[in-house]
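Following: one structure in structure tokens, then a few remarks.
Every number in this text was worked out from the coordinates using simple rules, so none of it is lab data. What you are looking at is a predicted structure, and each value in this text was computed from that prediction instead of being measured. Reconstructed Cβ throughout: ideal geometry from the backbone, glycine too, with neighbour counts over all protein chains shown.
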Amino acid sequence: MSKITKSRQFKNLLLSQELEFICEAHNGLSAKIVEEAGFKGIWGSGLTISAQFGVRDNNEASWTQVLDNLEFMSDATQIPILLDGDTGYGNFNNMQRLIRKLEQRHIAAVCIEDKLFPKTNSFLKGEAQPMADMEEFCGKIKAGKDAQTDDDFCIIARVEAFICGWGLTEALRRAEAYHQAGADGILIHSALAVPDEILAFKQEWGDRCPVVIVPTKYYSTPTEVFRQSGISLVIWANHLLRSAVTTMQKTAQTLKAQEHLLSIEDRIAPVSEIFRLQGAAELQDAEKRYLPQNAENMAAIVLAASRGDELGELTEDKPKTMIPIQGMPILSHIIDAYNAVGIKNITVVRGYLKEAVALPNLTYVDNDDYATTGELDSLLKALRSKKGTFQDTIISYGDVLFNQYIPQTLFQEHEDLVMFVDSSWGGKTSYTRLGGFAECTEPNSRKVFHSKVYLKQLGKDVPETSIHGVWMGFLKVSAKGAEQLQDILESMLADPAQRKAGMSQLFQELLRQNYSIRVLYTVGHWLDINSLDDLLQAGEF
Ligand code: SPV
Ligand code: MG
């Protein structure tokens, strides 16, 4: 972002020793396009702003409607805007109010023309148009200069003498009067197809103050001619609107005739380009920072490849995740809990009797090596299936029930790796199945509401005096965390000795590599189904 104010930028442009150029825009989007093309300034054209509203260039759009439009243009860009302020929308008093309102919107400069309100475009019967009284117009310039509070704000006086059929003498007389009244520059306009009038004017005018031109009609003049004659600023006054009109007409006619998009699609800006111009990416970043995380953008991976031998014959014809509890497979309960908080993107890793795992609306990844591999192999296969599309993801098990509180809370934390630890572990050794006991930077207490707790070690062999709880089988990884996890798993599992490794080995590796693993404490809210007893309890859960 430029530190120089827009008004100073414009003043620099006007006073520059080079020939400078500004280009028309008529709304926020076209203003942005002008800026991206590399122009150092924008012409807020009266013709094209009124045209894009669908009205005539006769002050049919009110000045406040023009102002509202300018506000969008100014907000969308960092470069200065020179407003085509027509006749100043009234007398000296209206001009003063206009200047104050323009300054409030960071509009850098205004150009007013010496005609009568309501004005008519210079190229419509210009010779028949009356000019403003010169003294009255000088008063308007003085009033405008007195009203500005920013010294750099510029007022350009536009001399319409040639347009209205007067000659060089009148043009010079008026230009001199406006210059004396305080105008920062003179716009000399001509409707001829050749630059003769403006060149003759410039020759006589010399360098009394900067001269601005609008070569709409004398467009074939080589730019070098303007440069050689010492013109300060060229305005390309209406060309974006005109090019848009041509394209829009062609597109509309083709669509009407063909009733099909095929011949259009490749010739127009993709929707992604519109999003880019609107700054959609910036909002997405901001949403991450300021909104409570919306679970709809989250994913879950459920590890459910193993049989669950401990449940004996119950798992003869289906894996544990499909055992019914209250008439519904365990996996359905898990999916319901994820769905309830808005998580729909769920990947299930299946292995043992995979055909028996066929609930709808899930993505399946098969670990056909389930009998000879462990949890990490399943997890890696799931992560590989998501490569390039990582998002915030909860990793959990196909046989651990939980209520919504768990995923909801996990997604509110922004760190890359976040796990849940149940501090009410009560000496139950079966918890080691999930990887074991956790020692954290602090035990669970009221105090931890005000501080962040991290994992220090996790495993089956943590000395009892150091145990702060058990890992419950939930790990949330950010999109970045998921990518890192995949890299770590790729290198861990390249070692055949690690084929059967489980989540506790992953945590140990993460800690060894100095990753921070945020711990959230809970008491309950989950159930690990590891025995027939657990199954009975699950009915109550
Ligand atoms: C405009 O762009 O609105 C102008 C320039 O005032 S011209 O249309 O040439 O008058
Ligand atoms: Mg105009």
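Neighbour counts of C-beta atoms inside 10 Å place SER504, SER306, SER243 in the sequence SER243, SER504, SER306, starting with the fewest. Annotated for the range 394-541: lysine pairs at least 8 residues apart or interchain, Cα distance under 20 Å, count 5. Computed from Cα positions, the angle between helix 330-340 and the longest principal axis of the chain comes to roughly 20 degrees.
Take every DSSP beta bridge whose two residues both sit in the chain; close to 30 percent of them are antiparallel. Based on C-alpha pairs under 8 angstrom that are at least 6 apart in sequence, the chain has a relative contact order of 11 percent. Cβ-Cβ distance of SER445 and ARG289, R₀ of 41 Å, FRET efficiency by 1/(1 + (r/R0)^6): the value works out to about 0.85. Rounded to whole Å, the principal axis extents of the Cα atoms in the range 6-246 read 41, 39, 34, largest first. Taking the Cα atoms of the range 1-134, the ratio Rg/Rh between the radius of gyration and the Kirkwood radius comes to 0.96. Angle, helix 134-147 long axis vs. longest principal axis of the chain, Cα atoms, 0 to 90°, nearest 10? Value to nearest ten degrees: 30. Among TYR454, TYR290, sorting on how many other beta-carbon atoms sit within 10 Å of each Cβ, with the fewest leading, yields TYR290, TYR454.
Relative to its Kirkwood radius, the Cα radius of gyration of the chain gives an Rg/Rh of 1.24.
Counted residue by residue at 0.36 nm each, then reduced by the alpha carbon distance between them, the extension gain from ILE264 to SER332 reaches 19.9 nm. Computed from label points 7 Å out along Cα-Cβ, the spacing between THR247 and ASP366 is 4.9 nm. Per-residue ellipticity at 222 nm from helix content only, as computed over the chain with -39500 (n - 2.57) for each DSSP H run of at least four residues, stands at -11500 deg cm²/dmol. Could you work out, for the range 292-538, what percent of all Cα-Cα pairs fall into each 10 Å distance bin, beginning at 0 Å and stopping at the bin that holds the largest distance? Here the calculated profile for the range 292-538 is 7, 33, 40, 18, 1.
Return one number: the angle in degrees, 0 to 90 and rounded to the nearest 10, between the long axis of the Cα atoms of helix 280-290 and the longest principal axis of the Cα atoms of the chain. The angle comes out at about 50 degrees. Could you tell me which of TRP526, ALA193, GLY279 has its Cα farthest along the dipole of the chain towards the positive end, charges placed at Cβ (Lys, Arg +1; Asp, Glu -1), taken about the Cα centre? Going by the Cα projections, it comes out as ALA193.
Partners of LYS250 within straight-line reach, counting aspartates and glutamates whose Cα lies under 17 Å from its Cα and excluding those fewer than 8 residues away in the same chain: GLU259, GLU265, ASP266.
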